[in-house]
Amino acid sequence: MPNPVLHTVFPAGGQAGTSVIVAVDGTGLDGLRDIRSTIPRLTVKKIDAKRFSLDIPAGTPTGVYDLRAVGLHGMSSPRAFFVGNHAETAELEPNDTFETAQLVPLDAVINGRIEKPGDVDCYKFTAKAGQRVVLECWAERMDSNLCAVLEVNDGAGKRLEVSRGYAGVDRVRIEIQDVDGKPIPGSRLGDALELYGDSLEQTAFWTAGSDVSKLAGQAVRLRFVLRDADVYAFQFQGQKGQK
Ligand SMILES: [Ca+2]
């Protein structure tokens, strides 16, 4: 039986108190009929084969929630969905150059996606001298593999600032696979919590915890995904007090 995996949800977020139409995609999603979420009291309506209307209750606290798709083969793996309290708007392609930059208001969320390798999305906004403007790109923090570079240029195209990643740097994620390299449910990369910061010893965690004793005696492969990080050694340890 196929294992339902949810690869994308777009837009990957919505404003509390509004309805948002999301398109979902993945594998093993035949007979898609519903969306389940950790958003309290979310109402879901199916629109067509791969689109759903989500009614996000007003007052939903800002943050990252899980969405899962439900189809013939059961409930899928989760994808992150960001509920915010700002008006949201969608990216409009073409926007790859300064000349085609999309005019956006301040205090807004723009839902964009990388359409092709090396895609650039340009936006323009009006700000007054002395005004403080915060620009933030949410990618890795909500499950995206995108390693975004954020640049700010002035009206003449001169670069003022650049950020090459602020959140999620120097991190390690670990996946446990069977001998054929197939991720073991519960220990997939998507289940892994990020390890970060310098330390001599850290315990690997997945969303279900750090206990891998059910794999004892089974040959496994470990996949380490490192970003600006070094791993010097690893070991499997018994719980404290048991060896
Ligand atoms: Ca673009």
Given H placed on each backbone N at 1.01 Å, which residues far from F205 in sequence or on other chains put an amide H within less than 5 Å of it?
L193
Rounded if a/c is under 1.5, else prolate if a/b is larger than b/c, else oblate: which is the chain, with a ≥ b ≥ c the root eigenvalues of its Cα gyration tensor?
oblate
For a Förster distance of 41 Å, can you work out the FRET efficiency between the beta-carbons of S210 and L160, rounded to the nearest 0.05?
0.40
For the range 92-182 the trypsin sites (Lys or Arg not before Pro) that pass both the DSSP coil test and the at-most-13 other-Cβ-within-10 Å test are K128, R132, K158, R164
For the range 110-127, what does the Karplus curve 6.51 cos²θ - 1.76 cosθ + 1.60, with θ = phi - 60°, yield as ³J(HN,Hα) per residue in whole Hz, taken in order and with x for Gly and Pro?
10, 9, x, 8, 7, 8, 8, x, x, 4, 10, 10, 10, 10, 10, 9, 9, 9
What's the local net charge at V109, with K and R +1, D and E -1, over the other residues with C-beta under 13 Å away?
-4
Residue exposure sequence - H7, H73 - by fewest surrounding Cβ within 10 Å:
H7, H73
Report, by chain and number, residues whose modeled amide H sits under 5 Å from the one on N111, excluding near sequence neighbours (fewer than 5 apart, same chain).
T89, A90, E91
From the phi of every residue in the range 182-190, what ³J(HN,Hα) in whole Hz does the Karplus formula 6.51 cos²θ - 1.76 cosθ + 1.60 yield, where θ is phi - 60° and glycine or proline is x?
8, x, 8, x, x, 10, 6, 4, x
Give K45/K128; K50/K158; K46/K214; K50/K182; K46/K124; K45/K116 a once-over and call out the pairs whose C-alpha atoms are over 32 Å from each other.
K45/K128; K50/K158; K46/K214; K46/K124
How long is the gain from T38 to T100 if the chain were fully straight, where each residue apart is worth 0.36 nm and the alpha carbon distance is subtracted?
18.6 nm
Quick query: amide H of T60 versus all other amide H atoms, modeled in the peptide plane; which residues come in under 5 Å with a sequence gap of 5 or more or a different chain?
G17
Taking GluC sites (Glu not before Pro) as exposed when DSSP calls them loop (any state but H, G, I, E, B) and at most 12 other Cβ atoms lie within 10 Å, what is the longest stretch of the chain free of them, the sites themselves excluded?
1-98
Scoring only Lys, Arg, Asp and Glu (+1, +1, -1, -1) among other residues with Cβ under 12 Å from the Cβ of A49 yields +1
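Each reported figure results from applying straightforward, stated rules to the coordinates on display, with no laboratory input. As the structure is a computational prediction, the values presented were derived from the model and not from experiment. No Cβ is skipped: glycine too gets one built from the backbone with ideal geometry, and neighbour counts run over all protein chains shown.
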